[in-house]
1. Within the bounds of region 94-108, is there any residue that is in contact with a strand residue (DSSP E or B) (Cβ under 6 Å, 6 or more places away or on another chain), farther than 24 Å from Leu14 by Cα and of a type in the set (A, V, I, L, M, F, W, C)?
2. For region 68-94, give me the residue count where each residue is touching a helix residue (DSSP H, G or I) at 6+ places or on another chain (Cβ under 8 Å), more than 12 Å from the ligand (Cβ to nearest atom) and not in a loop (DSSP other than H, G, I, E, B).
3. Would you check which residues across region 332-384 are more than 20 Å from Ala30 (Cα to Cα), in contact with a helix residue (DSSP H, G or I) (Cβ under 9 Å, 6 or more places away or on another chain) and more than 11 Å from the ligand (Cβ to nearest atom) and list them?
4. May I ask you to list pairs of residues, at least six apart or on different chains, whose Cβ atoms are under 8 Å apart, with the first in region 145-160 being part of a loop (DSSP other than H, G, I, E, B) and the second being open to solvent by less than 50 Å² (accessible area, probe 1.4 Å) and more than 16 Å from the ligand (Cβ to nearest atom)?
5. Answer with yes or no whether Asp298 is away from the ligand (no atom under 13 Å from the Cβ), of a type in the set (Asp, Glu), part of a helix (DSSP H, G or I) and within 21 Å of Glu396 (Cα to Cα).
6. Considering only residues of region 95-118 that are in a loop (DSSP other than H, G, I, E, B) and under 20 Å from Ile409 (Cβ atoms), which is farthest from the ligand (Cβ to nearest atom)?
Amino acid sequence: MEPRQTLSLDEINLSDIEFWTRPDEEREGAFQILREQRPLPFFAEPEIPVDWIVPGPGYYAVTRHADIVEASRHPDVFCSGRGATSILDMPEVFREFFGSMIELDDPRHARLRGIVSRAFTPRMLQRLEDYIQVAAAGIIDDVQGKGECDFVTEVASALPLKIICDLMGVPESEYDGIFARSNIILGAGDPEYIPEGNDIGAALLTAGYELSELVQELGRHRTEHPTDDLTSALVHAEVDGEHLSGQELGSFFVLLVVAGNETTRNAISHGLKAMTDYPDQRKLWANDFDGLAGTAVDEIVRWATPVIFMRRTATRDATLGGQQLHEGDKLLLFYNSANRDAEVFSDPFVFDVRRDPNPHVGFGGPGPHFCLGAHLARREITVMYRELFRRLPDIEASGPPEMLRSSFIHGIKHLPCQFTPV
Ligand code: HEM
């Protein structure tokens with residue numbers, strides 16, 4: 001890919017949703033200019049067409065890899081628990097469903113993460129490993145005779161959804177409803193998921209409430225009748241004599257559904273586009289799948305950067321990348337930009353399945369919030385591509401991707417693909 005610098009420094013406005021509808025090459029060109037000329041620019045907040053939301057004071061966009069690593073390493077100065085990790089502060093009524101560990105600081109964050117991590121036992125992960133293989137094979141069984149399909153809805157999104165639901169012990173009859181609600185939560189700015197004129201806040205709250213209720217109901221059942229799923233482990237897990245509350249279980253599930261679904265599906269979808277655009281790289285990987293899986297999968301995550309940013313808030317006056325900041329300032333860590341920083345990556349705009357080292361920040365920077373599901377996501381991407389190469393070896397994208405309208409998720413909504421039917 002060649003970045004295209006179609007905007008001048010002063011024309012770049014990351015708060016304008018139109019910026020996020022530009023082709024990837026143009027966005028990359030703009031971030032390249034920022035990294036080189038104005039690495040911590042300040043922007044007014046985006047205009048949100050919701051009358052009960054009061055716009056905040058604006059934010060600094062952190063665009064260089066070194067500054068994002070620095071901020072991630074110092075959660076005492078650049079915290080997650082003031083306001084939110086989204087641009088707007090989270091209204092209080094949203095906390096019940098959306099205020100999980102990603103929005104907390106230590107010690108509350110460490111307590112929750114401890115309980116949850118303890119539930120991810122080796123036995124649980126082994127069970128999951130077997131299930132990823134079965135689920136990926138089943139997804140390909142369903143499409144292999146067609147010769148063409150929508151790769152996103154029929155292949156890429158089916159896997160993470162099945163895995164999260166199986167992990168938590170959610171019955172298959174609920175999968176479609178969970179998929180629709182997760183689309184609402186992360187696709188709120190896209191009219192395909194919330195048609196214009198609808199009340200975005202009400203749609204988000206309803207989706208959060210329904211997901212939370214579903215898992216709390218399951219949790220009540222598992223308290224009496226434990227099984228070997230994560231919901232059982234969570235309702236029985238104890239750290240320092242403490243259990244998760246119903247609200248904590250509910251908001252954790254909302255986080256898992258949102259964080260685990262859209263991200264992994266987009267990594268898998270961007271992966272197919274990359275395999276199509278760079279056939280030499282595809283050939284390299286297909287010829288030595290196991291040998292290159294480790295580097296290829298991380299390169300897919302760097303290339304895709306499914307989560308564009310996370311916010312931090314300054315807890316006191318500080319400097320970052322030479323910029324003076326004041327207590328309460330918002331910072332957006334633009335992972336997409338860090339992942340193309342020429343100071344860290346040689347030929348950052350080249351997709352290279354052998355890239356090593358690859359210190360990308362696609363799963364977040366080094367710090368307490370580093371992605372809890374990174375291992376699981378890597379396994380899902382690996383198993384899916386192993387199955388695809390083995391069973392549909394000539395699969396490729398057959399048209400342009402239809403992109404999600406979002407400044408937060410680098411999402412592909414639809415991607416036509418074709419292959420020789422079997
Ligand atoms: C390619 C796939 C994925 C990407 C790109 C991704 C990205 C991220 C990023 C950037 C963060 C950091 C948030 C921050 O620093 O504020 C994060 C945190 C998190 N992710 Fe992932 N994620 C992926 C897959 C998953 C999966 C499969 C799960 C669940 C099973 C998951 C669960 C979480 C959770 C629970 C957190 C919050 C951790 C904490 O606050 O301590 N993620 N993820």
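1. Looking only at region 94-108, we keep the residues that are in contact with a strand residue (DSSP E or B) (Cβ under 6 Å, 6 or more places away or on another chain), and these are 105.
Checking which are farther than 24 Å from Leu14 by Cα leaves us with 105.
Keeping just the survivors that are of a type in the set (A, V, I, L, M, F, W, C) gives none.
So far as region 94-108 goes, no, none of its residues is in contact with a strand residue (DSSP E or B) (Cβ under 6 Å, 6 or more places away or on another chain), farther than 24 Å from Leu14 by Cα and of a type in the set (A, V, I, L, M, F, W, C).
2. Qualifying residue count for the region: 2.
3. Kept after step one, since they are more than 20 Å from Ala30 (Cα to Cα), are these residues of region 332-384: 352-359, 363-384.
Those left that are additionally in contact with a helix residue (DSSP H, G or I) (Cβ under 9 Å, 6 or more places away or on another chain): 352-356, 358-359, 363-384.
Those that are more than 20 Å from Ala30 (Cα to Cα), in contact with a helix residue (DSSP H, G or I) (Cβ under 9 Å, 6 or more places away or on another chain) and more than 11 Å from the ligand (Cβ to nearest atom): Asp352, Val353, Arg354, Arg355, Asp356, Asn358, Pro359, Thr382, Val383, Met384.
4. Gly147/Phe419
5. Details: away from the ligand (no atom under 13 Å from the Cβ): no; of a type in the set (Asp, Glu): yes; part of a helix (DSSP H, G or I): yes; within 21 Å of Glu396 (Cα to Cα): yes.
Here the answer is no, as Asp298 does not meet what is asked.
6. So the first thing to find is which residues in region 95-118 are in a loop (DSSP other than H, G, I, E, B), and the list is 99-100, 104-107.
Among the residues that remain, those that are also under 20 Å from Ile409 (Cβ atoms) are: 99-100.
Values: Gly99: 12, Ser100: 7 Å.
Only one residue fits best here, namely Gly99.
Listed here are the residues, each with its yes/no results for (1) in contact with a Lys or Arg (Cβ under 8 Å, 6 or more places away or on another chain); (2) surrounded by 15 or more Cβ atoms within 10 Å (Cβ to Cβ).
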position	(1), (2)
Glu2	no, no
Glu11	no, no
Thr21	yes, no
Glu28	yes, yes
Arg35	yes, yes
Glu47	no, no
Pro57	yes, no
Tyr60	yes, yes
Thr63	yes, yes
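The values are calculated or read from the model by the stated rules, or taken from the named source; none is laboratory data. Computed from a predicted model, the values in this text were never measured in an experiment. Cβ coordinates were reconstructed from backbone atoms using ideal geometry, including for glycine residues, and neighbour counts include every protein chain displayed. Areas reflect the complete protein model, heavy atoms only, side chains present, ligands, DNA and RNA absent. Shrake-Rupley method; radii C 1.70, N 1.55, O 1.52, S 1.80 Å.
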